[in-house]
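Each remark here refers to the structure printed beneath this line.
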Amino acid sequence: MCLQLEPLPICGFYGSCGVDNITCVCEKKALTQNTEFHSFHLGDKSLINTLPCDTIEDLLRFMYCVSGLLSIICLGMYFAIVEQSGRHVSKRIVPMVFCCLLTALFSFLRVFDPDRLWGQDKLFTISYALTLLIYEIAGVNLQSGYEQHLLKKFPMLETEAEKRRKTSKTVSNVVLLSAFACCLEICSLPFVAFTSASLALLKAILLHQMANAFLLGSNGLYSLKNLASDIKHIVSGREDVFQHYADGGSGDLDKDVIIRLRQLLPRLKMTYRGLAIVSAIKFSVVCQFFLWELGFTLLKYFIPLAQIAYLTQTINLVVPRFRQIANQKKKFAKVVEYDELIR
């Protein structure tokens, strides 16, 4: 029987149900039928002809191609940083290098072979699962690392922040456990494809992703927003609410410290607001799967789109360091030229 994904009509906008009332006929060449994210309610792969015409394969291949190219660009930047900075930095970025390699792997697998489908192909699905796990671990570490960096830079914030750190660490541990569970569930999908267990597993994966988005966004908002509130108290002259002072207890802070804190405040606000927005978007996108059947179709486009967003964000974080290295090389080249002129 021809399938309908509400609120779309039977066989989709550009498909019609055949005279046998079983086969969907696609009216546009650009649209095809695809079992990706539809295998969960199909008992057999041979029933693909009953699916709606909802897959623009050329668009999907283009999105995966962009994802693969961005991962290669990111890899080039990381290798440049490693070459310039040495072993100390390279150890810290090894997980992200591995993540970019995995992204390039599953992206180009899909570009060159459209039959490598999420939740069905083992290599594609497992490499994606590991990529997602690394990104979620990096998100937790980036958030906690950013807060620790600020506390080291401005010790007068540490007393109040220490009270919140236990709560923040507990939430981070829950997110990490959920991320590992989600990774195992995604890796299991290809082994139960086209069975009744696959739909239950997919729902568990999406629930984990919703929980992670909510917890990570809330935790960042809780920690960084309160940190911004502490800074406001300091720059407004209300140091009396703190027990720790930078100069040992006199209550007077250096003017330079006050200026730097005022400069930090807008960036801190932008950081926690951005984190909250990204988490809200991810939560909303994943949540729509439970609201309507069209979610099955939208998720196949969300996978490469999310990777493009993650990689773009990663490149934005790496670019300042990459520029710094490029400027150092230019300065070194000028010194070499001057030396040659002196000789």
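The values are calculated or read from the model by the stated rules, or taken from the named source; none is laboratory data. Just so we're clear, the structure is a prediction, and the values are computed from it rather than from any experiment. Please note: Cβ atoms are built from the backbone with ideal geometry, for glycine as well, and neighbour counts cover all protein chains shown. Areas reflect the complete protein model, heavy atoms only, side chains present, ligands, DNA and RNA absent. Shrake-Rupley method; radii C 1.70, N 1.55, O 1.52, S 1.80 Å.
Going by what's in this entry, would M63 be described as loosely packed, with under 13 Cβ neighbours inside 10 Å, within 24 Å of W292 (Cβ to Cβ) and touching a helix residue (DSSP H, G or I) at 6+ places or on another chain (Cβ under 9 Å)? No: the conditions fail for M63.
Residues that are among the hydrophobic types (A, V, I, L, M, F, W, C) and open to solvent by less than 30 Å² (accessible area, probe 1.4 Å) within region 66-75 comprise C74, L75, listed in sequence order. Number of residues in region 15-69 that are under 26 Å from F191 (Cα atoms), among the β-branched types (V, I, T) and assigned to a loop (DSSP other than H, G, I, E, B) equals 1.
Return yes or no: is A280 open to solvent by 30 Å² or more (accessible area, probe 1.4 Å), modelled with pLDDT under 80, of a type in the set (G, A, S) and out of contact with any strand residue (DSSP E or B) (no Cβ under 9 Å at 6 or more places or on another chain)? Against the criterion (open to solvent by 30 Å² or more (accessible area, probe 1.4 Å), modelled with pLDDT under 80, of a type in the set (G, A, S) and out of contact with any strand residue (DSSP E or B) (no Cβ under 9 Å at 6 or more places or on another chain)), A280 does not qualify. Only one of the numbered conditions (1) in contact with a Phe, Trp or Tyr (Cβ under 8 Å, 6 or more places away or on another chain); (2) under 19 Å from T103 (Cβ atoms); (3) modelled with pLDDT of 90 or more is not met by I126, and that is (1).
Of everything listed in (1) within 24 Å of E293 (Cα to Cα); (2) without any contact (Cβ under 8 Å) to a residue 60 or more places away in the chain; (3) not in a strand (DSSP E or B); (4) not basic (K, R), the single unmet condition for F108 is (1).
Given the criteria within 20 Å of the chain's Cα centre (by Cα) and either of a type in the set (G, A, S) or assigned to a helix (DSSP H, G or I) (or both), does S218 qualify? So S218 fits the description; yes. Scanning region 111-135 for residues that are open to solvent by less than 10 Å² (accessible area, probe 1.4 Å) and without any contact (Cβ under 8 Å) to a residue 24 or more places away in the chain yields a single hit, F124.
Filtered by the rule that a residue be without any contact (Cβ under 8 Å) to a residue 12 or more places away in the chain and either closer than 20 Å to P52 by Cβ or of a type in the set (A, V, I, L, M) (or both), region 270-296 gives M270, I277, I281, Q288, L291, G295. Taking into account only those residues within region 163-180 that are more than 15 Å from L216 (Cβ to Cβ) and open to solvent by 30 Å² or more (accessible area, probe 1.4 Å), which is modelled with the lowest pLDDT? Here the answer is K163. Within region 12-32, the residues that satisfy the criterion of being of a type in the set (A, V, I, L, M, F, W, C) and either touching an Asp or Glu at 6+ places or on another chain (Cβ under 9 Å) or touching a residue at least 60 places away in the same chain (Cβ under 8 Å) (or both) are F13, A30, L31.
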